[in-house]
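The values are calculated or read from the model by the stated rules, or taken from the named source; none is laboratory data. From a predicted model like this one, the values you see are computed outputs, not experimental measurements. Cβ sites come from the backbone with ideal geometry, for glycine too, and all protein chains shown count toward neighbours. Surface accessibility is based on the protein's heavy atoms, side chains included, excluding ligands, DNA and RNA. Shrake-Rupley method; radii C 1.70, N 1.55, O 1.52, S 1.80 Å.
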Amino acid sequence: MTGLSEEVRPNKAFGWAAIDTSGVLSPFKFSTRGTGEKDVAFKVLYCGICHSDLHMIKNDWGTSIYPLVPGHEVVGEVTEVGSKVQKLKVGDRVGVGCMVGSCHSCDNCTNNLENYCPEMIFTYGAKYYDGTVTYGGYSNTMVVDEHFVVGIPENLPLDAAAPLLCAGITVYSPLRFYGLDKPGLHVGVVGLGGLGHLAVKFAKAMGTKVTVISTSPSKQKEALENLGADSFLVSREQDQLRAAIGTFDGIVDTVSAQHPLLPLLGLLKSHGKLVVLGIPEKPLELPAFPLIQGRKLLGGSMIGGMKETQEMIDFAAEHGIKADTEVIAMDYVNAAMDRLLKGDVKYRFVIDIGNTLKSIS
Amino acid sequence: MPKPAGEEKQQKAFGWAATDESGTLSPFHFSRRENGDEDVTLKILYCGVCHSDLHNLTNEWGFTSYPVVPGHEIVGVTTKVGKNVTKFKVGDGVGVGVMVGSCKTCECCQQDLENYCSQIIFTYNSHNPDGTKNYGGYSDMIVVDQRYVLRFPDSLPLDAGAPLLCAGITVYSPMKYYGMTEAGKHLGVAGLGGLGHVAVKIAKAFGLKVTVISTSPQKESEAINRLGADAFLASSDTAKMKSAIGSMDYIIDTVSAVHPLFPLLSLLKVNGKLVTLGLPNKPLELPVFPLVSGRKLVGGSDFGGMKETQEMLDFCAKHNIAADIELIRIDEINSAMERLARSDVRYRFVIDVANSLSAVG
């Protein structure tokens, strides 16, 4: 239940929300706060569908608050700015990712790591400072603190830029943090979905040699010809795995299902790094020997801070990195969710909010 | 060019070996090569009893080749040097640790990381390129290539310094590699045994705040009063463990049995690092969520290269760091192993080889 009655907030808004754990989305009227002095209000044009949205609408993680308006890969055009807003003005192309608030005073916030702030507020399904629940980008308008809004350069098409705001930063940040961004390094990408396909593009742009590691041989052609990967390894083929042992400087593992770590650790050279981004339901088995005998490490990462998110967007603009998307109408969203559950998308659905989200009378 | 096995001149040696998976040690005659041009021969004075010795004796890891003479924390006095040996002369105090050979040409060897060479030759339970077998320090003498012999600092006690050759370097190396030496930072040491107690001493010498995490509440007084730890956390004390959540910059995990990682990962701050050093024969359960949500990492480390091992010995000499030992006679080794299996030792057994090992017949 919201702390503050919806009717008290000044701006009418509408979107699509899930109202129970069936996860079925349907039209939903709500309202947003007025544009505060540090706020940016914008008309939503596109919103990417992240796999997390699917988890949240079904309450897979047990944290969902209904009605839930998902969407944290949001792009749009500024309609109003508060009196203290400095970076942005009306008409600017902007984006909002996974967070809309943080404490601004802890060590993490001070170091541009708002994503690790213990009081970080998620873009949707979270309690905001005024007691209301945040609503995400499957909606026509949003009001967000300027700190959590990034500018999108003119040369990045908005629909293809939307997925960068979660998937993009989620793979960009660990490539930088774990030092897998140096030209000449050999980087593996496990899983070719929303995260994986962008990991390939970013890693290539950083000058690394990229091998896609996948259970599906059918993805090979795409990986090599469309995404620009240098090679492809079918992880179920023991011969291929054996031949590649000890050849990777790093591996970015985007798979969220249960899967064995031992083969991936074996693929790493000594001092190699395995980055895990997907969160399986149960713990994974970690064999100690390969970690110890090769001084290897396994680390996690979660989205990125605002400074780095802007840096990632600018890097993408500079290198022409866009997500591969399937743009859909708002009323296709439930079918899209069913297909997403089966991994049937190359590689991100993006909702054409601006043209297809009809207002609700 | 090494001569084929059998043609190389061999000399008599004597030690204690286990001949089967019972792991029971008994007197054993064997042979070693004659001192070659690159070799140093040492009369063994002391040898530390490492938990790895126990793992190997009972074939817990599945690759023991019997008969096995364990021992890789060897301290002795030089009795012979080959004509190409410049660093050592007869009478020098020397040490030999976990390895006695490597390829010398690969990237790892060239970077003073011989311990990660893919052709590493361990001090015992290993074979040389010519097919001859290696026996460890529970014996009267050993012949080792000068590259793998350490100069034993004069100010370090020979008996209490022996465990540094494995336990010491095993904790020192990851502290340097993973950047865990910043004065004022908070290090947790999980497990208070051979590795753990040396980790506490070395960490204090680096100026770290140290908390010992242990399943044995009775070790608290020792940890604080004798070893100099700043705090003690009994892992069964759920309230204290809860209040310590997110309080540590790093953790060195020395526990050799299978144990849960989740409680330890919770103790780390964001960007915290957990180094795991124990080698259980089954995988550990790794919950991925704390790694992702806190950008934490789990890394391994395997003793250290020769240059760093020497650096560690000199560091310990400078800071008066030696192990806390219980000196035993060679004929007490079997009961010592039983006690080691129960963690009943403060904190390393060291065999007084010179005074208790005598050839029979």
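For the stretch B:112-136, how many residues meet the condition of being under 21 Å from B:LEU150 (Cα atoms) and open to solvent by 40 Å² or more (accessible area, probe 1.4 Å)?
Within the stretch B:112-136, the first condition is being under 21 Å from B:LEU150 (Cα atoms), and the residues that meet it are B:112-117, B:119-126, B:128, B:134-136.
In the following step, the residues that additionally are open to solvent by 40 Å² or more (accessible area, probe 1.4 Å) were identified as B:112, B:119, B:122.
Final tally of qualifying residues: 3.
Have a look at B:SER173, B:SER256 and point out the one that is under 30 Å from B:GLY93 (Cα atoms), crowded, with 21+ Cβ neighbours inside 10 Å and under 21 Å from the mean Cα position of the chain (by Cα).
One residue alone meets the criteria, B:SER173.
Tally time: how many residues in the stretch A:279-308 are open to solvent by 10 Å² or more (accessible area, probe 1.4 Å) and more than 7 Å from chain B (Cβ to nearest Cβ)?
Residues in the stretch A:279-308 being open to solvent by 10 Å² or more (accessible area, probe 1.4 Å) and more than 7 Å from chain B (Cβ to nearest Cβ): 7 in total.
If a residue counts only when it is among the polar types (S, T, N, Q), which strands (runs of 3 or more DSSP E) contained entirely in the stretch A:246-361 have at least 1 such residues? First the steps, then the outcome.
Values: elements: A:248-253, A:268-276, A:284-286, A:297-300, A:325-328, A:348-351.
Qualifying strands (runs of 3 or more DSSP E): A:268-276, A:325-328.
Need pairs with beta-carbon distance below 8 Å; first residue at the interface with chain A (Cβ under 10 Å from one of its Cβ atoms) and within the stretch B:106-123, second part of a strand (DSSP E or B) and open to solvent by less than 20 Å² (accessible area, probe 1.4 Å); sequence gap 6+ or separate chains.
If the second residue must be part of a strand (DSSP E or B) and open to solvent by less than 20 Å² (accessible area, probe 1.4 Å), the pairs left are B:ASN115/B:MET99; B:ILE120/B:MET99; B:ILE120/B:GLY101.
Which residues, taken from the stretch B:38-64, are open to solvent by 40 Å² or more (accessible area, probe 1.4 Å) and over 29 Å from B:LEU156 (Cβ atoms)?
If the condition is that a residue be open to solvent by 40 Å² or more (accessible area, probe 1.4 Å) and over 29 Å from B:LEU156 (Cβ atoms), then B:THR58, B:GLU60, B:TRP61, B:GLY62, B:PHE63 are the ones that fit.
Can you name the number of the only condition in (1) closer than 25 Å to B:MET175 by Cβ; (2) at pLDDT 95 or above; (3) among the polar types (S, T, N, Q) that B:SER343 fails?
With respect to (1) closer than 25 Å to B:MET175 by Cβ; (2) at pLDDT 95 or above; (3) among the polar types (S, T, N, Q), B:SER343 is out only on (2).
Here is a yes/no grid of residues against (1) hydroxyl-bearing (Ser, Thr, Tyr); (2) touching an Asp or Glu at 6+ places or on another chain (Cβ under 8 Å); (3) more than 22 Å from B:PHE152 (Cα to Cα):
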residue: B:GLY191; (1), (2), (3): no, yes, yes
residue: B:VAL200; (1), (2), (3): no, no, no
residue: B:GLU220; (1), (2), (3): no, no, yes
residue: B:ALA223; (1), (2), (3): no, no, yes
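Mind checking which pairs have a first residue in the stretch A:251-276 that is within 11 Å of chain B (Cβ to nearest Cβ) and in contact (Cβ under 8 Å) with a residue 40 or more places away in the chain and a second that is among the aliphatic types (A, V, I, L, M) and assigned to a strand (DSSP E or B), Cβ under 6 Å, 6 or more apart or different chains?
Correct list of pairs: A:ASP253/A:VAL190; A:ASP253/A:VAL276; A:VAL255/A:VAL190; A:LYS273/A:LEU297; A:VAL275/A:VAL252.
Looking at B:VAL69, B:VAL98, B:VAL77, can you tell me which residue is open to solvent by 10 Å² or more (accessible area, probe 1.4 Å) and within 20 Å of B:ARG348 (Cβ to Cβ)? Spell out how you get there, then give the answer.
On the way: B:VAL69 fails: open to solvent by 10 Å² or more (accessible area, probe 1.4 Å); B:VAL77 fails: within 20 Å of B:ARG348 (Cβ to Cβ).
Only one candidate passes the filter, namely B:VAL98.
I need a count of the residues in the stretch A:81-101 that are within 14 Å of another protein chain (Cβ to nearest Cβ) and more than 23 Å from A:ALA161 (Cβ to Cβ).
Selection size over the stretch A:81-101: 0.
(1) among the small types (Gly, Ala, Ser); (2) part of a helix (DSSP H, G or I); (3) over 24 Å from the mean Cα position of the chain (by Cα): which one isn't true of A:GLY184, the others all being true?
(2)
Does any residue of the stretch A:129-141 turn out to be in a strand (DSSP E or B), assigned by TED's automatic domain parsing to the domain that holds A:ARG348 and at pLDDT below 95?
yes
Output the residues belonging to the stretch A:102-124 that are at positive phi and either within 14 Å of chain B (Cβ to nearest Cβ) or open to solvent by less than 10 Å² (accessible area, probe 1.4 Å) (or both).
A:ASN112 - this is the single residue of the stretch A:102-124 that is at positive phi and either within 14 Å of chain B (Cβ to nearest Cβ) or open to solvent by less than 10 Å² (accessible area, probe 1.4 Å) (or both).
Kindly establish whether A:PHE349 is without any contact (Cβ under 8 Å) to a residue 12 or more places away in the chain and either hydrophobic (A, V, I, L, M, F, W, C) or within 11 Å of chain B (Cβ to nearest Cβ) (or both).
no
What's the total number of residues in the stretch B:266-277 that are crowded, with 21+ Cβ neighbours inside 10 Å and out of contact with any Asp or Glu (no Cβ under 7 Å at 6 or more places or on another chain)?
Residues in the stretch B:266-277 being crowded, with 21+ Cβ neighbours inside 10 Å and out of contact with any Asp or Glu (no Cβ under 7 Å at 6 or more places or on another chain): 3 in total.
In the stretch A:205-235, which residues are over 19 Å from A:LYS269 (Cα atoms), in contact with a Leu (Cβ under 8 Å, 6 or more places away or on another chain) and either within 14 Å of chain B (Cβ to nearest Cβ) or open to solvent by 20 Å² or more (accessible area, probe 1.4 Å) (or both)?
A:SER216, A:LYS219, A:GLU222
When the stretch B:314-333 is examined, which residues are found to be out of contact with any strand residue (DSSP E or B) (no Cβ under 6 Å at 6 or more places or on another chain) and part of a helix (DSSP H, G or I)?
B:ASP314, B:PHE315, B:CYS316, B:ALA317, B:LYS318, B:ASP331, B:GLU332
Name every residue in the stretch A:16-27 that is on the phi < 0 side of the Ramachandran plot, open to solvent by less than 40 Å² (accessible area, probe 1.4 Å) and in contact (Cβ under 8 Å) with a residue 60 or more places away in the chain, in order of residue number.
A:TRP16, A:ALA17, A:LEU25 - these are the residues of the stretch A:16-27 that are on the phi < 0 side of the Ramachandran plot, open to solvent by less than 40 Å² (accessible area, probe 1.4 Å) and in contact (Cβ under 8 Å) with a residue 60 or more places away in the chain.
Return the pairs, sorted by first residue and then second, in which the second residue is in a loop (DSSP other than H, G, I, E, B), the first residue lies in the stretch A:236-250 and is within 14 Å of another protein chain (Cβ to nearest Cβ), the beta carbons are less than 6 Å apart, and the residues are 6+ apart or on different chains.
That search, which allows pairs on different chains as well, returns A:ASP249/A:LEU185; A:GLY250/A:LEU180.
When both residues are 6+ apart or on different chains and their Cβ atoms are under 6 Å apart, which pairs have a first residue that lies in the stretch B:232-249 and is open to solvent by 60 Å² or more (accessible area, probe 1.4 Å), and a second that is assigned to a strand (DSSP E or B)?
B:LYS240/B:LEU233
(1) touching a His at 6+ places or on another chain (Cβ under 7 Å); (2) not assigned by TED's automatic domain parsing to the domain that holds A:VAL78: which one isn't true of A:TYR124, the others all being true?
(2)
If you check B:LYS185 against the conditions, is it touching a Ser or Thr at 6+ places or on another chain (Cβ under 8 Å), charged (D, E, K, R) and within 14 Å of chain A (Cβ to nearest Cβ)?
It is false that B:LYS185 is touching a Ser or Thr at 6+ places or on another chain (Cβ under 8 Å), charged (D, E, K, R) and within 14 Å of chain A (Cβ to nearest Cβ).
Any chance the stretch B:258-266 includes a residue that's within 19 Å of B:HIS72 (Cβ to Cβ) and touching a helix residue (DSSP H, G or I) at 6+ places or on another chain (Cβ under 9 Å)?
no
Please find, among A:TYR138, A:TYR178, the residue that is buried (at least 24 other Cβ atoms within 10 Å of the Cβ) and hydroxyl-bearing (Ser, Thr, Tyr).
A:TYR138
Scan the stretch B:303-334 residue by residue and report those that are open to solvent by less than 20 Å² (accessible area, probe 1.4 Å) and within 14 Å of another protein chain (Cβ to nearest Cβ).
Listed by number, the residues that qualify are B:PHE303, B:GLY304, B:GLY305.
Just one of (1) under 21 Å from A:SER301 (Cα atoms); (2) free of Cβ contacts under 8 Å to residues at least 24 places away in the same chain trips up A:GLY62, so point out which.
Unmet for A:GLY62, out of (1) under 21 Å from A:SER301 (Cα atoms); (2) free of Cβ contacts under 8 Å to residues at least 24 places away in the same chain: (1).
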